[in-house]
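Novice: Next up is a structure, given as C-alpha cells.
The values are calculated or read from the model by the stated rules, or taken from the named source; none is laboratory data. Just so you know, these numbers come straight off a predicted model, no measurement behind them. We place every Cβ from the backbone using ideal geometry, glycine too, and count neighbours over all the protein chains shown. For accessibility, only protein heavy atoms count, side chains too; no ligands or nucleic acids. Shrake-Rupley method; radii C 1.70, N 1.55, O 1.52, S 1.80 Å.
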Amino acid sequence: MKLSNTKYLPALSLLLSLAACTVGPDYQQPESLVPAEFKYDSGWQTISPQSWAAQGDWWTAFNDPELNLLINQANKANQTLAQAEARYRAAQGQWRLARGDYSPQFDASLSGSRSGGDDVSVSESYSARLNASWAPDLWGRVRRSVEASKAGMQSSAANLVAARLNIQLAVAQSYIRLRALDLQRTILEQTMEAYERSTTLTTNQYKAGIVPRSDVIQAETQRESLKVDLIDLKNQRAIEENSIAVLLGKAPVNYSLAPAQILPELPELPASLPSTLISRRPDVVSAERQLAAASAQIGVAQAAWLPSFSISAGYGVSAGRFSDLFDAPQAIWSVGPSLLQTLFDGGARRASKDIAVAQYDEQLSAYRQTVLDGLAEVENALATISLLKEKAEQQDILLKLAEENERIVNNRYKSGLVSFLEVATAQNQTLNTRRTRLNTAADRLQAALQLAAVIGGGWDLNDPVVQSVSFAAEAEEKN
C-alpha cells in the first residue's frame, strides 16, 4: 500500500507546531510563611559536632538499644505503615497511567457475523483489522495531567514519610511511658518498705501504750492505699505494652517487654533552631505537592475548551468465510486526521474550570494552614522543653527538702513529740515529689520526641524530607 495523498500535510504541520503550547497557569510555590527565627530557641545547650539526625535515625539520639530495636521492628511490620506504602505504589501507578497518554495506541480486532431472513439465504462475513491512533498533546492537556499525577505521587511519598514518622514517634512515646511506669513502680515498692516499717513501729508503740489506736489505723490505711496505686500502675503498664505490640504488628497476647529501671537519655539540643526546618516536615511537603497538583488541574480544565486533534490509520482484510480470511482476502485500509471541537455543552466546561480553580484556592489555604499549624507545634515544643528544664531543677530542690523534712519528722515521732499524722504527711510529700520529679524527666523526653517529630524527624538540614520525595520521583521518571 502506497499513500501519496498530501492534502493533509499543511494542516498537520500547523497543528503539530501547536504541540509545544501548554494552557493553564505554570505552578509557582507560594511565598513562605516561615519567620526568620523561633520565639523559644534561646539558651539551649550546644549540640555535639556529629548530628544525631544525619542518617534519619533520629531516635538513636536517646541512646537506648531497646528503643532502637522496637522502632526498627515497627518500620518493617506496622500495618498502618504498610497501608501508606500501598497508597504510594498506587500513586506511582497513577503517574505511569497518565504518562501513557503520550504514546500512540495500537489495537487489533477480529469479527465475524451471519445474517439472513425468511426469503434470503444465510450469508457470512469475517474481518480482521489493525488500528493505530495518536493524539498529539496540542494544548498541554496530557502534560498538565502528568504534572498533576506526578505532584500527587510526590504528595503520597511525603505522606508515607509522615506515616513512618508518626509510627516511630508513637513507639517511642509508649516506650518512654512504659519505662517511666517501671520506675514509678520501683518508687512505690521502696516507699512500701518505708510504710511497712512505719506500720510496724506504730503497732509496737501502740502495744506499749505510747500512741493511740488511730495512729495504727492511719499507718495501715496509708500502706493499703499504696497497694491500690501499685495495681493501677500494673494496669497502665499492660496498656502501654499492648500498644507497643500493635505498633510492631504483633498480637498483644504474643508480646511482652521485660521491666527496666532506666529511662532513655535526654539528647543534647542545638544552640539554635533554623525556622526553615518547618519546610521539611512531611505534611508541609505533602500539602505543597497537593497544591501543585491542583494548579495543574486548572490547565487540564482549560484544555477542554480547545479542539482535540488525532491521527488514525487502519488496515484490515475481509472474506465471506473464515477459512478464506487470510488466503485471498479483500484488503481494507484507512488513514487520516480528525479534529473535534465541542460547540455546546450546557456550561460543563466552565463549571469544570470553576471547580479546578476553587480546589486550587482550597489547597492554597490548606497549605498555609499546615505551615501555621507546624509553626505553632514547634513553638509549643520549644517552650515546653525550655520550661521543663527549669521545672526539673526546681524539683531537685523540692525533693531534697522533702527528704530532709521526712527524716526530721520521723525522729520527732520516735521521740513522741509529734503524732503519726505529721509522719504520714511528710512521707506522702516525699513520695509525691519523687513521682512528680520522675514524671518531669519523662515529660522532658516526650518533649524532645515531639520536637523531633514536629520538624520532620531530627534537625539536620542536609537530610530533608523533600529529598526523599524528589529522589523517588526522579527514579520513577528514569524508568
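Novice: Across segment 413-436, which residue is nearest to the chain's Cα centre (by Cα) among those that are open to solvent by less than 80 Å² (accessible area, probe 1.4 Å) and more than 19 Å from Gln190 (Cβ to Cβ)?
Specialist: Top of the filtered list is Phe420.
Novice: Which of (1) free of Cβ contacts under 8 Å to residues at least 40 places away in the same chain; (2) crowded, with 24+ Cβ neighbours inside 10 Å is the odd one out, the single condition Leu160 does not satisfy?
Specialist: (1)
Novice: What number goes with the only condition from (1) charged (D, E, K, R); (2) over 30 Å from Ala74 (Cβ atoms); (3) modelled with pLDDT of 95 or more that Arg223 does not pass?
Specialist: (3)
Novice: Could you tell me which of the residues Leu445, Leu401 is under 46 Å from the mean Cα position of the chain (by Cα), modelled with pLDDT of 90 or more, among the hydrophobic types (A, V, I, L, M, F, W, C) and surrounded by 19 or more Cβ atoms within 10 Å (Cβ to Cβ)?
Specialist: Of Leu445, Leu401, the one residue that is under 46 Å from the mean Cα position of the chain (by Cα), modelled with pLDDT of 90 or more, among the hydrophobic types (A, V, I, L, M, F, W, C) and surrounded by 19 or more Cβ atoms within 10 Å (Cβ to Cβ) is Leu445.
Each row is one residue, and each column tells you yes or no for (1) touching a residue at least 12 places away in the same chain (Cβ under 8 Å); (2) within 44 Å of the chain's Cα centre (by Cα).
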residue: Leu183; (1), (2): yes, yes
residue: Ala194; (1), (2): yes, no
residue: Arg197; (1), (2): no, no
residue: Lys207; (1), (2): no, no
residue: Asn254; (1), (2): no, yes
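Novice: Let me ask you something else. For the condition over 24 Å from Pro136 (Cα atoms) and exposed (fewer than 12 other Cβ atoms within 10 Å of the Cβ), what is the one hit in Gly374, Gly316, Gly320, Gly347?
Specialist: Values: Gly374 fails: exposed (fewer than 12 other Cβ atoms within 10 Å of the Cβ); Gly316 fails: exposed (fewer than 12 other Cβ atoms within 10 Å of the Cβ); Gly320 fails: exposed (fewer than 12 other Cβ atoms within 10 Å of the Cβ).
Checking each option against the conditions leaves just Gly347.
Novice: Consider only pairs whose beta carbons are under 6 Å apart and that are at least six residues apart or on different chains; among these, list those whose first residue lies in segment 364-383 and is under 23 Å from Ala447 (Cα atoms) and whose second residue is of a type in the set (D, E, K, R) and surrounded by fewer than 19 Cβ atoms within 10 Å (Cβ to Cβ).
Specialist: Between residues of segment 364-383 that are under 23 Å from Ala447 (Cα atoms) and residues that are of a type in the set (D, E, K, R) and surrounded by fewer than 19 Cβ atoms within 10 Å (Cβ to Cβ), the close pairs are Glu379/Lys39.
Novice: Working only within segment 252-304, note down all residues that are outside any loop (DSSP other than H, G, I, E, B) and either modelled with pLDDT under 75 or of a type in the set (Asp, Glu) (or both). Don't jump to the end; show me each part of the working.
Specialist: Just the residues of segment 252-304 that are outside any loop (DSSP other than H, G, I, E, B), to begin with: 252-254, 275-280, 282-303.
Hits for segment 252-304 are Ser275, Thr276, Leu277, Ile278, Ser279, Arg280, Asp283, Glu288.
Novice: Considering only residues that are in contact with a Leu (Cβ under 6 Å, 6 or more places away or on another chain) and of a type in the set (Ser, Thr, Tyr), which ones fall in segment 355-380?
Specialist: Listed by number, the list holds a single entry, Tyr367.
Novice: May I ask you to verify whether Val216 is assigned to a helix (DSSP H, G or I), β-branched (Val, Ile, Thr), under 30 Å from Ala151 (Cα atoms) and open to solvent by less than 20 Å² (accessible area, probe 1.4 Å)?
Specialist: When the stated conditions are applied, Val216 does not pass them.
Novice: Let me ask another. Quick one: Asp182 ticks every box in (1) surrounded by fewer than 21 Cβ atoms within 10 Å (Cβ to Cβ); (2) farther than 30 Å from Asn75 by Cα; (3) not hydrophobic (A, V, I, L, M, F, W, C) bar one, so which box is it?
Specialist: The failed condition is (2).
Novice: Of the residues Tyr195, Tyr175, which is surrounded by 13 or more Cβ atoms within 10 Å (Cβ to Cβ), among the aromatic types (Phe, Trp, Tyr) and within 30 Å of Lys414 (Cβ to Cβ)?
Specialist: Tyr195
Novice: Hey, another quick one. Go through Asn410, Asn439 for me and flag whichever is in a helix (DSSP H, G or I) and within 36 Å of the chain's Cα centre (by Cα). Give the steps one after another, and end with the answer.
Specialist: Working: Asn410 fails: within 36 Å of the chain's Cα centre (by Cα).
Sole residue among the options that is in a helix (DSSP H, G or I) and within 36 Å of the chain's Cα centre (by Cα): Asn439.
Novice: Collect the residues in segment 65-106 that are part of a helix (DSSP H, G or I), under 30 Å from Ser310 (Cβ atoms) and of a type outside the set (Gly, Ala, Ser), keeping them in residue-number order. Walk me through how you get there before you give the answer.
Specialist: Here is the first cut: in segment 65-106, the residues part of a helix (DSSP H, G or I) are 65-77, 79-102.
Narrowing further to those that are under 30 Å from Ser310 (Cβ atoms): 90-102.
Across segment 65-106, the qualifying residues are Gln92, Gln94, Trp95, Arg96, Leu97, Arg99, Asp101, Tyr102.
Novice: Yes or no: Phe309 in contact with a Leu (Cβ under 7 Å, 6 or more places away or on another chain) and either at pLDDT below 75 or of a type in the set (Asp, Glu) (or both)?
Specialist: Yes, satisfied.
Novice: Every residue in segment 323-342 that is acidic (Asp, Glu) and either assigned to a strand (DSSP E or B) or surrounded by fewer than 12 Cβ atoms within 10 Å (Cβ to Cβ) (or both), please.
Specialist: The one that is acidic (Asp, Glu) and either assigned to a strand (DSSP E or B) or surrounded by fewer than 12 Cβ atoms within 10 Å (Cβ to Cβ) (or both): Asp327.
Novice: Search segment 112-150 for residues being in contact with a Leu (Cβ under 8 Å, 6 or more places away or on another chain) and not in a strand (DSSP E or B), and hand back the single one that is modelled with the highest pLDDT.
Specialist: The selected residue is Ser149.
Novice: Pick from segment 240-251 the residues that are without any contact (Cβ under 8 Å) to a residue 60 or more places away in the chain and surrounded by 15 or more Cβ atoms within 10 Å (Cβ to Cβ): which of them is nearest to Thr440 (Cα to Cα)?
Specialist: Per the criteria, the residue is Asn242.
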